[in-house]
1. Of all residues in region 55-86, count the ones that are touching a residue at least 12 places away in the same chain (Cβ under 8 Å) and in contact with an Asp or Glu (Cβ under 7 Å, 6 or more places away or on another chain).
2. Quick one: which of 128, 80 is touching a helix residue (DSSP H, G or I) at 6+ places or on another chain (Cβ under 6 Å) and surrounded by 15 or more Cβ atoms within 10 Å (Cβ to Cβ)?
3. State whether the residues of region 13-24 include one that is in contact with a helix residue (DSSP H, G or I) (Cβ under 8 Å, 6 or more places away or on another chain), closer than 16 Å to residue 86 by Cα and touching a residue at least 12 places away in the same chain (Cβ under 8 Å).
4. Within the group 94, 30, 66, 21, which residue is touching a Pro at 6+ places or on another chain (Cβ under 9 Å), of a type outside the set (A, V, I, L, M) and modelled with pLDDT of 90 or more?
5. I need a count of the residues in region 1-55 that are surrounded by 12 or more Cβ atoms within 10 Å (Cβ to Cβ) and either of a type in the set (S, T, N, Q) or in contact with a Ser or Thr (Cβ under 7 Å, 6 or more places away or on another chain) (or both).
Amino acid sequence: MNIKEIHDKIEELARQKEILETKLTNAIVEAIRTTVKENPSPPRKISQHMCIIHFSDLVGNPWNIEFYDWEIAAEFVIDFLSNKPSDKWKSLLESELKKAVGNNVPFKRNVIRNRYTVSTTTPINKKFIEKIIEKI
């Protein structure tokens, strides 16, 4: 093999790797979105900005909607994972799960507001993260 053939082979392998990474990313995102349907007690939405949550679910848990509404939590988790390599997503979720406090897993992300970057921590339901890890 000459140098040109080796270079062409490397480029072909890089294209194949990119295609496989895209397939892996899509499969994991789909697994996260299907996990949303397994929410044992989803909040009942009564309008765009209001929902009903069982009082018994609120006791001892955070009062953030992301904790109860797994659709919102799924988008939050996907956003958290999106800028990281997809082959590391399961280990990232497992490491975040180790940080769990009670029933919630604190997820940190940076949000740009005006010209400033604000770091926020949002609690996500531990059961939701565990179910995602099971599917991956």
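1. Going through region 55-86 one residue at a time, the tally reaches 4.
2. On the way: 80 fails: touching a helix residue (DSSP H, G or I) at 6+ places or on another chain (Cβ under 6 Å).
Only one candidate passes the filter, namely 128.
3. yes
4. Exactly one of 94, 30, 66, 21 is touching a Pro at 6+ places or on another chain (Cβ under 9 Å), of a type outside the set (A, V, I, L, M) and modelled with pLDDT of 90 or more, namely 21.
5. Residues in region 1-55 being surrounded by 12 or more Cβ atoms within 10 Å (Cβ to Cβ) and either of a type in the set (S, T, N, Q) or in contact with a Ser or Thr (Cβ under 7 Å, 6 or more places away or on another chain) (or both): 7 in total.
The values are calculated or read from the model by the stated rules, or taken from the named source; none is laboratory data. Since the structure is predicted, the reported quantities are computational estimates derived from the model, not experimental observations. Counting neighbours? That spans all protein chains shown, and the Cβs are built from the backbone with ideal geometry, glycine included.
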